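Colleague: Right, I'll just put the structure down here and ask away after.
A short reminder: the numbers here are calculations on the coordinates, not readings from a lab. Predicted model, so just to flag it, every value in this text is computed and none were measured. No Cβ is skipped: glycine too gets one built from the backbone with ideal geometry, and neighbour counts run over all protein chains shown.
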Amino acid sequence: MRKMLLVLGLFPAAMGFAQKKANPQKFAATITEEDLRTHLFIIAGAEMEGRETGTEGQRKAAAYIEEQFKKLGLIPGNNGAYQMSFPVYRDSIIGAEMKVNGTEFRFYDDFQPNPRVSRSGDYYFSEFVFAGHGIVEGSRDDYNGINVKGKAVLLLDGAPADFKSEQKGMMAPSSMFGKYQKAVDKGAAAVLIVANDFPRKPSPFAGNMYVNLYSAEQNASLYNISQKVAAQLLGSEWTTISASAKNSAVPAKVYKANMMLHMNKKVQFLESTNVLGYVEGTDKKDEWLVVTAHYDHLGKRGDVIYYGADDDGSGTVGVIEMAEAFAKAKAAGNGPRRNIMFMAVSGEEKGLWGSAWYGDNPAVPLEKTTANLNIDMIGRVDTERKSADTLNYVYVVGDDKLSTELKPLSEAANKKYTKLALDYKFNDPNDRNRIYFRSDHYNFARKGVPVIFYYDGMLQADYHKPTDTPDKINYTLLKKRAQLVFYTAWEMANREQMMKRDLEIPTMTR
């Protein structure tokens, strides 16, 4: 009996060893150019209308991905369901008014509230603080010590000629939202920024979508105003201030004015989903590997469709094909030792929403997730690449972070099977594009899960344009990159131990 128990006890280990030694190449071969093309011409087809989060096109794409997972026999990944929903909100302005000292100004001709950060209701101010350009950086503070808590703040757009900063992007000190955030940090109740593009045409579109409807604190409302309104607020000083402010900072000052702001908006309650299905493991089915790509894109602008074939239809169809390869391996008796979750997420283009929701509400334990392999754009060629390996490369991001075991495993799988040139350009800590923080793997990494991100580059002529269509995809290269991810996943899913977590978690600073 003891000998029999010993033999039976060794059986799972032997089974795992046999699976690990199985040849993955015949299953990788099921990832074909023909199948990738077929899926992509549907995912990035006109019927999906650009797959914008919270739209009918996104829901159609989710239904298609779910259908593929069902056909492959994947197990529903979210407590018996293939889709994981998360809330999305959108604001529409119903009406807005503005008066200064009894003079009424016209919506769109003279002012426009930002619906996302401005609240419905009325504001009545008897004075306001003018703080120049509202720039705060280093030793420079355009507020010059003036208390703005609970007050309206008037700011000039842009920056004077004498201001230089290394910070770029939407939160830079001289950007609209950078200025707005500094005013919020100082306690402003309303922020008015003078803009040069009035009068504006009424927008036929609703406001931007967002996910954080509920907040512990309510921020200041944000209005753009015309120079006509600024002149009414600042009176005879406006001409002198606007001229001198072009070259250097102007002093902050408190002004008297009776100002009324009114806005009425409607909050629309929407929804989006991630699509999840998994192949069950054998002797390590309490552990997980998660493979992701985002299936959403930019949707439509009027009648113009932003197809998003490369971004990220290419990654989405790669996930579908890898799911098929592992499902076939499982059916042939060579299934993975760990469970492999295949997840197509939405909301990436809006701010990594779907993966952020998953990171905070995981369907499976993150501490039992060995790694996340994320794919975002693997079907085209970076036009900046001039080397001989232009058509045989992929950017690999994040394999030098969180785990010292990521890079050796990744490079070994590539060397043995696909022999792509692995480009680590975006692993540079000084990468100005901050690619490591800009796709869905980050919402696993911030929770401590080791990640590898696969990417083809960001400088294509068709990036985020209607011309990103499936006919422009290099399907041979797409297949090869998808197979690299498959081989890497095979090794991760079948190795004896989970990936080590022995490096610090990188943090994103504003």
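Colleague: Tell me which chymotrypsin sites (Phe, Trp or Tyr not before Pro) from the range 411-494 have a DSSP coil assignment and no more than 14 other beta carbons within 10 Å of their own. Can you show the working numbers first?
Modeller: On the way: sites: Tyr417, Tyr424, Phe426, Tyr436, Phe437, Tyr442, Phe444, Phe453, Tyr454, Tyr455, Tyr463, Tyr475, Phe486, Tyr487, Trp490; in loops: Tyr424, Tyr463.
Those satisfying the criteria are Tyr424.
Colleague: Taking the Cβ of Gln218 as the center, what net charge do the other residues with Cβ under 15 Å away carry, scoring Lys and Arg +1 and Asp and Glu -1? Before the final figure, lay out the partial values.
Modeller: Working: positive: Arg116, Arg119, Lys149, Lys265; negative: Asp91, Asp122, Asp185, Glu217.
Result for the neighbourhood of Gln218: 0.
Colleague: Where in the chain are the DSSP H helices whose alpha-carbon span along the long axis reaches 27 Å or more and whose Kyte-Doolittle mean is at least 1.0?
Modeller: Values: long enough: 2-21 (28 Å, 0.61); 475-494 (28 Å, -0.10).
Span-like helices here: none at all.
Colleague: Can you work out ³J(HN,Hα) from phi for every residue in the range 153-165, in order, using Karplus 6.51 cos²θ - 1.76 cosθ + 1.60 and θ = phi - 60°, giving whole Hz and x for Gly and Pro?
Modeller: 10, 9, 10, 8, 6, x, 8, x, 4, 8, 9, 10, 8
Colleague: Starting from the Cα of Lys330, draw a straight line to each of the aspartates and glutamates and keep only those under 16 Å, dropping any in the same chain fewer than 8 residues away.
Modeller: Leaving aside aspartates and glutamates fewer than 8 places away in the same chain, those within reach of Lys330 are Glu280, Asp283, Glu321, Glu491.
Colleague: Using label points projected 7 Å from each Cα along Cα→Cβ, tell me how many nm separate Arg446 and Asn23, to one decimal.
Modeller: Using points 7 Å along Cα→Cβ, the separation is 4.5 nm.
Colleague: Mean 1/r over all different Cα pairs, inverted: what Kirkwood radius does the range 400-469 give, in Å? Write down the numbers at each step before the final one.
Modeller: Values: mean 1/r = 0.0713 Å⁻¹.
The Cα-based Kirkwood calculation yields 14.0 Å.
Colleague: What is the packing order of peptides 49-61, 186-198, taking the mean over residues of other C-beta atoms within 10 Å and listing the highest first? Walk me through the numbers on the way to the answer.
Modeller: Numbers: 49-61: 22.8, 186-198: 20.1.
Those peptides, ordered most packed to least, come out 49-61, 186-198.
Colleague: Run the helix sum for the chain: -39,500 (n - 2.57) per DSSP H stretch of 4+ residues, divided by residue count, reported at 222 nm to the nearest 500 deg cm²/dmol. Show your work: numbers first, answer last.
Modeller: Numbers: 13 runs with 138 residues, N = 510.
Calculated from helices alone, the mean residue ellipticity at 222 nm is -8000 deg cm²/dmol.
Colleague: Next up: Could you check the simple spin-label distance between Glu217 and Asp471, using points 7 Å along Cα→Cβ, in nm with one decimal?
Modeller: Here the answer is 5.3 nm between the modelled labels.
Colleague: How big is the equivalent ellipsoid of the chain along its three axes, where each semi-axis is √(5λ) from the Cα gyration tensor, reported in whole Å from largest to smallest?
Modeller: Semi-axis lengths for the chain are 51, 23, 22 Å.
Colleague: For the charge dipole of the range 91-266, defined by +1 on Lys and Arg C-beta atoms and -1 on Asp and Glu C-beta atoms about the Cα centroid, which residue among Leu234, Pro251, Phe107 has the Cα displaced farthest towards the positive pole?
Modeller: Going by the charge dipole, the pick is Phe107.
Colleague: Ranked from highest to lowest mean number of other Cβ atoms within 10 Å per residue, what is the order of the peptides 207-220, 305-318, 91-104?
Modeller: Working: 207-220: 13.1, 305-318: 29.1, 91-104: 15.5.
Going by the mean number of other Cβ atoms within 10 Å, highest first, we get 305-318, 91-104, 207-220.
Colleague: Right, something else. Restricting attention to the alpha-carbon atoms of the range 226-375, what are Rg (one decimal) and Dmax (integer), both in Å?
Modeller: In order Rg, Dmax, the Cα atoms of the range 226-375 give 26.5, 83 Å.
Colleague: Place +1 on the Cβ of every Lys and Arg and -1 on the Cβ of every Asp and Glu in the chain, take the dipole about the Cα centre, and give the residue among Asn79, Leu298, Val148 whose Cα lies farthest towards its positive end.
Modeller: Of the options given, the answer is Asn79.
Colleague: Please quote Rg/Rh for the range 91-266 to two decimal places, taking the Kirkwood radius as Rh and restricting both calculations to Cα atoms. Write out the running numbers ahead of the final one.
Modeller: On the way: Rg = 15.5 Å, Rh = 16.5 Å.
Expressed as Rg/Rh, it is 0.94.
Colleague: Around Ala309, what is the net charge, scoring Lys/Arg as +1 and Asp/Glu as -1 over all other residues with Cβ under 10 Å from its Cβ?
Modeller: Details: positive: Arg380, Lys472; negative: Asp310, Asp311, Asp312, Asp462, Asp468, Asp471.
Charge balance near Ala309 sits at -4.
Colleague: Taking the simple approach of a point 7 Å from Cα along Cα-to-Cβ for both Asp431 and Gln227, what is their distance in nm?
Modeller: My value for the distance between the label points is 4.2 nm.
Colleague: Where a Cα-Cα gap under 16 Å defines reach, which aspartates and glutamates qualify for Lys350, not counting those fewer than 8 residues away within the same chain?
Modeller: Within the straight-line limit of under 16 Å, Lys350 reaches these aspartates and glutamates: Glu52, Asp91, Glu271, Asp296, Asp311, Asp312, Asp376, Asp440.
Colleague: So what are the ³J(HN,Hα) numbers for the range 130-146, from phi and the Karplus equation (6.51, -1.76, 1.60; θ = phi - 60°), rounded to whole Hz, Gly and Pro as x?
Modeller: 8, 10, x, 7, x, 8, 10, 7, x, 7, 8, 9, 5, 7, 6, x, 6
Colleague: Can I ask one more? Packing-wise, with mean Cβ within 10 Å as the measure, how do 35-41, 319-325 rank, highest first?
Modeller: Working: 35-41: 19.0, 319-325: 25.7.
In decreasing order of mean packing, 35-41, 319-325 become 319-325, 35-41.
Colleague: Restricting to lysines 8 or more places apart or on different chains, can you count the pairs in the range 13-168 with Cα atoms under 29 Å from each other?
Modeller: For the range 13-168, the number of qualifying lysine pairs is 14.
Colleague: Given the options Gly308, Met498, Thr38, identify the residue whose Cα lies farthest towards the positive end of the charge dipole of the chain (+1 on Cβ of Lys, Arg; -1 on Cβ of Asp, Glu).
Modeller: Comparing the listed Cα positions along the dipole, Met498 ranks first.
Colleague: So, with +1 on the Cβ of K and R and -1 on the Cβ of D and E, and no other charges, what is the size of the charge dipole of the range 91-266 about its Cα centre, to the nearest 20 debye? List each step's numbers first, then the result.
Modeller: Numbers: 20 positive and 17 negative charges, 32 e Å.
I would put it at about 160 debye.
Colleague: About the Cα centre of the chain, what is the dipole size in debye to 20, counting +1 per Lys and Arg Cβ and -1 per Asp and Glu Cβ, all else neutral?
Modeller: Numbers: 65 positive and 62 negative charges, 182 e Å.
Here the size comes out at about 880 debye.
Colleague: While we're looking at this one, here's another question. Under unit Cβ charges (Lys, Arg +1; Asp, Glu -1), what dipole magnitude, rounded to 20 debye, does the range 225-303 have relative to its Cα centre?
Modeller: On the way: 10 positive and 8 negative charges, 180 e Å.
With Lys and Arg at +1 and Asp and Glu at -1, about 860 debye.
Colleague: Now for a different question. Given H placed 1.01 Å from N in the peptide plane, which residues other than close sequence neighbours of Asp376 have an amide H under 5 Å from its amide H?
Modeller: Residues meeting the criterion, in which the H sits 1.01 Å from N, are Tyr454.
Colleague: Full extension from Lys500 to Lys70: what is 0.36 nm times the residue separation minus their Cα-Cα distance, to one decimal in nm? Don't skip to the answer; put the middle values down first.
Modeller: Numbers: separation 430, 0.36 × 430 = 154.80 nm, distance 3.27 nm.
Extra length available between Lys500 and Lys70 comes to 151.5 nm.
Colleague: Test of understanding: what is the full-extension gain from Val254 to Glu127, defined as 0.36 nm times their sequence separation minus their Cα-Cα distance? Write down the numbers at each step before the final one.
Modeller: Values: separation 127, 0.36 × 127 = 45.72 nm, distance 0.70 nm.
Roughly 45.0 nm would be gained on extension.
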